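**Q** Take a look at the following structure, please.
Each reported figure results from applying straightforward, stated rules to the coordinates on display, with no laboratory input. Predicted model only: the values in this text are computed from it and were never measured. Note: ideal-geometry Cβ built from the backbone for every residue, glycine included; neighbour counts use all protein chains shown.
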Amino acid sequence: MRPVIGITCSYAVSVTEGTLHISERNEIGLGYIRAVEYAGGAPLVLPHVQDSECIDRYVGLLDGLLLTGGVDVDPLLYGQEPHAEIGSVDRSRDEMELELTRKALDGDVPIFAICRGIQVLNVAAGGTLYQDIAAEIPQSTLRHSQKGAGWYASHTVDIQPDSLLHRIIGGITTRTNSFHHQAVRDLGKGFIATAQAKDSVIEAIESPTHRFALGVQYHPELMWERHPDARSLFTAFVKAAMANGI
Ligand code: MN
């Protein structure tokens, strides 16, 4: 039976010109949905809720949790004041996702975290972030905000041997797309860095004490149709979620 994969989403608001009509929405890129469905999961988008009981019910229902991309995490949530180069933040999304992630970690629900997701996962475990790579890691000269197509693998990533990521990819190097201006700084409790770009920016983290808690700084949901390494991340995650229910 297909495991149920909870997928987090973004908040968007627009005002219709010439009116006072305000439209608030939760949105999700279809790449996440399609990749999970392709990999054998049943995707279920989780809207932004406030009530803890809703989050408890979600965690109980889910076989796996996919943390998706989006805006920057509020730095106050990891003990920093906002840097001048911080992007947009969404405090209510942060609070919902941090509670969801902590409860999923406590319950050992398989977690796969993408881009903003790796940052949420790290902060949920007590870690911190670089708020802006260009401003805070001056020795980094790599372009982490690529201008090519979403599926294009623009930089190299070195993978730590014998890690979960290594077992999934089957090699110690891969190429990834890159659409981020932030990165993992201090690791969350129990997490190890298992991939780095050539400028040492962390591109993946995982927890060896959970059955599957893996974050990547790149966007495999934009690559899986063309790149087997990106595809294998989703299939390994869904397989772990399948085993979760047994
Ligand atoms: Mn990158």
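**Q** Magnitude of the Cβ-charge dipole of the chain, K/R +1 and D/E -1, about the Cα centre, nearest 20 debye?
**A** Using only the charged Cβ atoms, the result is roughly 840 debye.
**Q** Name the residues whose placed amide hydrogens come within less than 5 Å of the amide hydrogen of Glu203, ignoring near sequence neighbours (fewer than 5 apart) on the same chain.
**A** Those qualifying (amide H under 5 Å, at least 5 residues apart or on another chain) are Ala195, Gln196, Ala197.
**Q** Magnitude of the Cβ-charge dipole of region 66-107, K/R +1 and D/E -1, about the Cα centre, nearest 20 debye? Display every interim value, and only then the final one.
**A** Details: 4 positive and 10 negative charges, 33 e Å.
Approximately 160 debye in magnitude.
**Q** From the Cα gyration tensor of region 119-186, with a ≥ b ≥ c the square roots of its eigenvalues, which class applies: rounded if a/c is under 1.5, or else prolate if a/b is larger than b/c, or else oblate?
**A** Note, shape of region 119-186 comes out oblate.
**Q** Rounded to the nearest 20 debye, what is the charge dipole size of region 72-179 about its Cα centre when +1 sits on each Lys and Arg Cβ and -1 on each Asp and Glu Cβ?
**A** Magnitude of the dipole: close to 500 debye.
**Q** Average the reciprocal distances over every distinct pair of alpha-carbons in region 1-117, invert the result, and give the Kirkwood radius in Å. Show your work: numbers first, answer last.
**A** Details: mean 1/r = 0.0649 Å⁻¹.
Answer for region 1-117: a Kirkwood hydrodynamic radius of 15.4 Å.
**Q** Okay, moving on. State the answer as a single residue: which of Leu121, Tyr78, Leu66 lies farthest towards the positive end of the charge dipole of the chain, with beta carbon charges of +1 for Lys and Arg and -1 for Asp and Glu, about the Cα centre.
**A** The residue sitting most towards the positive pole is Leu66.
**Q** For the chain, what is the mean residue ellipticity at 222 nm derived from helices alone (per DSSP H run of n ≥ 4: -39500 (n - 2.57); sum divided by total residues; nearest 500 deg cm²/dmol)?
**A** Value at 222 nm, helices only: -8500 deg cm²/dmol.
**Q** For region 141-236, what does the alpha-carbon gyration tensor say about shape, rounded, prolate or oblate, given a ≥ b ≥ c as the root eigenvalues, a/c under 1.5 as rounded, and a/b over b/c as prolate?
**A** Numbers: a/c = 1.79, a/b = 1.22, b/c = 1.47.
It comes out oblate by the Cα gyration axes.
**Q** Determine, for Leu67, Leu77, the number of other Cβ atoms within 10 Å of each Cβ, and report the residues in order from fewest to most.
**A** Leu77, Leu67
**Q** While we're looking at this one, here's another question. Please state the shape class of region 1-69: rounded when a/c is under 1.5, otherwise prolate if a/b exceeds b/c and oblate if not, all from the C-alpha gyration tensor.
**A** Because a/c hits 1.5 or more and a/b fails to exceed b/c, region 1-69 counts as oblate.
**Q** Name the helices (complete DSSP H segments) of the chain with a Cα length along the long axis of 20 Å or more and a Kyte-Doolittle mean of at least -0.5, or state none. Present the calculation step by step, with values, prior to reporting the outcome.
**A** Working: long enough: 91-106 (22 Å, -1.33); 228-244 (24 Å, 0.35).
Length and hydropathy pass: 228-244.
**Q** Return the long-range amide H neighbours of Val45 (sequence gap of 5 or more, or a different chain), with a cut-off of under 5 Å between placed amide H atoms.
**A** Ile7
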